[in-house]
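For reference, the structure discussed in these notes is given below.
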Amino acid sequence: MPQPTIVFVHGAFHGPWAWDAVIRELPDLPTRTVALPSSGHDPATLGDMYSDAAAIREAVTAIEAPVLVMAHSYGGVPATEGLAGLAQVSRLVYLASFQLDVGDSLFSAAGGKNVDWWDVHEAEGYFDALRPEEVFFADVDEAATQAAVARLGHQSWPAITQPLTRAAWHAIPSTYVVCENDVAIPLPAQEAMAQRSERVLRLQTSHSPFLSRPADVASILRAEVASITA
């Protein structure tokens, strides 16, 4: 079987840059990143969840089989939507991510109410993250934290309220990586979503192991790739 290409899908507020440290740990494997239209620095140009799903689907369909997709946090929502029915996707890895079902949205998964670290500008169509140092990067070194915070953008508000119409994990094998010290997605919520995956792994990290423990994330990916090619 050909070497799988790893496609990385970032979470809300972030960009493809979030995966740089992990990609450096995988110089021998083909990797791609997807820039989600719902995240960016200009609120007027933000896309929604369905445009994110379309961007993911377009990126994956441009790659010859097989493909392994790793999605972080919010990125699991459009990945779940956009990858449905794509036979070349061999595995979907949810990294502290939203593994939701048809009819669910991130907002409904959060209990249908605003979270205390969301700075919501609903009329303008976006929201920001309050206290990202604490919520996203609690175990990341200070220099990397400050660099990441400086690059965070706005997140489309409609993107987190739009429901899934398809759920790729029903047909595509999936792995859930639980981040046990996560503040952004509490452990009980991750545990509940992880029950939808056929394999569950764990990291003793906060929400962003791609920055705090990139070698460990890369090691997980190598094992997942090996399971595909075995």
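Assorted remarks:
- Accessible surface ranking that places the most exposed of S90, S206 first, with a 1.4 angstrom probe: S90, S206
- Pair-distance distribution P(r) for the chain, from all Cα-Cα distances in 10 Å bins starting at 0: 8, 37, 40, 14, 1, 0 percent.
- Geometric extent, Cα atoms of the range 7-55 - Rg, Dmax (angstrom): 12.1, 39
- Here each label is just a point 7 Å from Cα along the line to Cβ, and for E191 and A35 those points are 4.0 nm apart.
- Over the range 72-190, relative contact order from alpha-carbon pairs under 8 Å, at least 6 apart, %: 42 percent
- Computed over Cα pairs, the Kirkwood radius of the range 92-151 leads via Stokes-Einstein (0.890 mPa s, 25 °C) to a diffusion coefficient of 178 µm² per second.
- Applying 0.36 nm per residue to the separation of E134 and E180 and subtracting their alpha-carbon distance, the gain on full extension is 15.1 nm.
- Counting 0.36 nm for each residue step from D119 to T161 and taking away their Cα separation leaves a gain of 13.6 nm.
- Take every DSSP beta bridge whose two residues both sit in the chain; close to 25 percent of them are antiparallel.
- Evaluated with a Cβ-only charge set (Lys, Arg +1; Asp, Glu -1), the chain carries a dipole of roughly 680 debye about its Cα centre, given to the nearest 20.
- Pairwise centroid distance, computed over Cα atoms, of the range 3-49 with the range 113-190, Å: 14 Å
- W169 accessible area, assembled protein chains, probe 1.4 Å, Å²: 30 Å²
- The calculated FRET efficiency for A147 paired with A65, based on their beta-carbon distance and R0 = 45 Å, is about 0.80.
- Largest mean-square fluctuation among A171, A79, A44, in a Gaussian network model of the chain whose springs join Cα atoms under 10 Å apart, belongs to A44.
- With eigenvalues of the C-alpha gyration tensor scaled by 5 and rooted, the range 16-137, Å: 26, 17, 14
- Under 11 Å, Cβ to Cβ, from P43 - net charge with Lys/Arg +1 and Asp/Glu -1: -3
The values are calculated or read from the model by the stated rules, or taken from the named source; none is laboratory data. Owing to the predicted nature of the structure, the values given are computational and were not obtained by experimental measurement. Every residue, glycine as well, gets a Cβ built from its backbone with ideal geometry; the counts of neighbours run over all protein chains shown. SASA here: full protein model, heavy atoms, side chains in, ligands and nucleic acids out. Shrake-Rupley method; radii C 1.70, N 1.55, O 1.52, S 1.80 Å.
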